[in-house]
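Student: There's a structure below that I have some questions on.
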Amino acid sequence: FIQDFSKAMSQAGSSQFQEVIRQELEYSMKVELDKILATAHSNELEHTKKDLEGFKKLFHRFLQEKGPSVDWGKIQRPPEDSIQPYEKIKARGLPDNIASVLNKLVVVKLNGGLGTSMGCKGPKSLIGVRNENTFLDLTVQQIEHLNKSYNTDVPLVLMNSFNTDDDTKKILQKYSHSRVKIYTFNQSRYPRINKETLLPIAKDVSYSGENTECWYPPGHGDIYASFYNSGLLDNLIAEGKEYIFVSNIDNLGATVDLYILNHLMNPPNGKRCEFVMEVTNKTRADVKGGTLTQYENKLRLVEIAQVPKAHVDEFKSVSKFKIFNTNNLWIALSAIKRLQEKNAIDMEIIVNPKTLDGGLNVIQLETAVGAAIKSFENSLGINVPRSRFLPVKTTSDLLLVMSNLYSLNAGSLTMSEKREFPTVPLVKLGSSFTKVQDYLRRFESIPDMLELDHLTVSGDVTFGKNVSLKGTVIIIANHGDRIDIPAGALLENKIVSGNLRILDH
């Protein structure tokens, strides 16, 4: 239907005809949303109404926009001073009264994601990462350490989704005696739409049982509206807070950086930034990451989904676009309030196609938090060390952060001084390791990886206790074979294949 629709659009060429189709689609959507709203109980009516209003706006914009939303010819390299090297920010040092600067800060973690990609039920933030500590434990420890060290009151705010809210709230009770105030608010809940009819697949507001697949949280770009609607934004402003530091809860490198905070609060030219995006240099592994460009005299985040097909390879090139967005962002609270009240936060729509268990093709309309950079005044990129980007998306990432490559101190992971190279080894664990419980079963203890450059593991492989991996190690168990790396083994530049024959690499 979408293809026919767009074909008809282009052939007709008449804007009147296009407008008629758009209006019909919007009208049909409104009818369906009203039906859904009519099934809400009085206690959920207000927030369901807000959610569906927000969705209607997004759907309206989706129907207006055509194809990739950037004009490739207008993309320019950002001016020199618009992306500052971290070293320059750090060289300014810190003020004597660091506590007064910290007391203006709120830490916000994006906590809407489930651990499904790693085979876990429930919120991803509750997966054990290091010495039994979860992502959430480490976050609380970091902020508590700050508050104790400087005698400050930096609160933690979690943006949950309807998928993670209940489980997260249950677990928060265990921090009731910690020195961190913890607040939560929820992302919106939007209806998934049928790819063919462009109508919602939900028939009522419930989202349990068979209805769980009918709804989705619309990406982290939803933070501005949800934060504002929750009332929490106003409360924090009233308490004298001025900036939020936003990051993904699974990025273990995203700790509060005092130098960046000082740069925001005491800008060298007297003019404060409303939005700072931490970027870092691309490696071959990051070619798909969104990049900062200059576009119509504004800094703009360009994601791969917005790039016209003919230019995707150019976009991925490490030589032309050298940096990518870490999604560590520092944003002025007053600016969020101002822009939200004017309805002036402009973020490109990401159309995310999904296939449900029953085979139905749906699309969900999403936005990304960093895309709003162009709506803020005096935005800045800061090119930070790679160590501030340490996301744990897979068990391969988990292996790195559990290993002796890192040491843990007050909730923060730092690369071990014994590692000679500042870069992380490239680790690729095969599909037998995808689920956390399988992964844990296959390692009796985490190997020594201090001198590892590259590890590839494929097939049915297990590791005994106290294994050491150095250089390039490739372990491939063919279908039907099993390889058990014996306890205490040292593998240096080795290929192990078949039935545990150890060859020099």
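The values are calculated or read from the model by the stated rules, or taken from the named source; none is laboratory data. Since this is a predicted model, take the numbers as computed values, not measurements. Here Cβ is always computed from backbone atoms with ideal geometry, including for glycine, and neighbour counts include all displayed protein chains. Surface areas here come from the heavy atoms of the whole protein model, side chains and all, with no ligands, DNA or RNA. Shrake-Rupley method; radii C 1.70, N 1.55, O 1.52, S 1.80 Å.
Student: Please calculate how many Å² of accessible area segment 72-388 carries per residue, with a 1.4 Å probe and no DNA, RNA or ligand atoms counted.
Tutor: 42
Student: Right, here's the next one. Just subtract the alpha-carbon distance of GLN340 and ILE237 from 0.36 nm times their residue separation and send over the number in nm, one decimal.
Tutor: 35.6 nm is the gain from fully extending GLN340 to ILE237.
Student: Can you list the residues, at least 5 places off or on another chain, whose amide H is less than 5 Å from the amide H of GLU492, using H built in the peptide plane?
Tutor: Here LYS470 satisfy the definition.
Student: Between beta-carbons, use under 11 Å as the cut-off and find the net charge around LYS470, counting Lys and Arg +1, Asp and Glu -1.
Tutor: Net local charge, LYS470 excluded: -3.
Student: Do the alpha carbons of any pairs in LYS181/LYS374; LYS56/LYS337; LYS49/LYS241; LYS169/LYS393 sit beyond 27 Å of each other, and which pairs?
Tutor: Pairs exceeding 27 Å: LYS181/LYS374; LYS49/LYS241.
Student: Given H placed on each backbone N at 1.01 Å, which residues far from LEU452 in sequence or on other chains put an amide H within less than 5 Å of it?
Tutor: The answer is GLY471.
Student: Work out, in µm²/s and without decimals, the Stokes-Einstein translational diffusion coefficient of segment 413-500 at 20 °C, 1.002 mPa s, Rh from Kirkwood over C-alpha pairs.
Tutor: 161
Student: Name the trypsin sites (Lys or Arg not before Pro) in segment 96-171 that are in a loop by DSSP and that have at most 16 other C-beta atoms within 10 Å, would you?
Tutor: Those satisfying the criteria are LYS121.
Student: Show me the GluC sites (Glu not before Pro) within segment 25-82 that DSSP assigns to loop and that have at most 13 other Cβ atoms within 10 Å of their Cβ.
Tutor: Filter output for segment 25-82: GLU65.
Student: Right, next: Using a 1.4 Å probe on the protein chains only, how many percent of the accessible area of the chain belongs to carbon and sulfur?
Tutor: Carbon plus sulfur share of accessible area: 50 percent.
Student: Give me the one-decimal Kirkwood hydrodynamic radius in Å for the chain, with the sum taken over alpha-carbon pairs.
Tutor: Computed over Cα pairs of the chain, the Kirkwood hydrodynamic radius comes out at 24.9 Å.
Student: Excluding residues on the same chain fewer than 8 positions from LYS320, give the lysines whose Cα lies under 16 Å from its Cα.
Tutor: LYS74, LYS282, LYS288
Student: Next question, about the same structure. Please name which of MET118, LEU198, GLY358 has its Cα lying farthest along the dipole of the chain towards the positive end, using unit charges on Cβ (Lys, Arg +1; Asp, Glu -1) and the Cα centre as origin.
Tutor: So the residue we want is MET118.
Student: Suppose each label sits 7 Å from its Cα in the direction of the beta carbon; what would the VAL312-LYS174 distance come out to in nanometres?
Tutor: It works out to 4.2 nm between the two label points.
Student: Continuing with the same structure: Using the heavy atoms of the protein chains alone and a 1.4 angstrom probe, what is the accessible area of segment 395-497 per residue in square angstrom?
Tutor: Dividing the accessible area of segment 395-497 by its residue count gives 48 Å².
Student: Let me ask something else. Hey, got the dipole for the chain? About the Cα centre, +1 on K and R Cβ, -1 on D and E Cβ, debye to the nearest 20?
Tutor: The calculation lands at about 580 debye.
Student: Can you sort HIS479, HIS145, HIS41 by solvent-accessible area, 1.4 Å probe, largest first?
Tutor: The ranking, largest first, comes out as HIS479, HIS41, HIS145.
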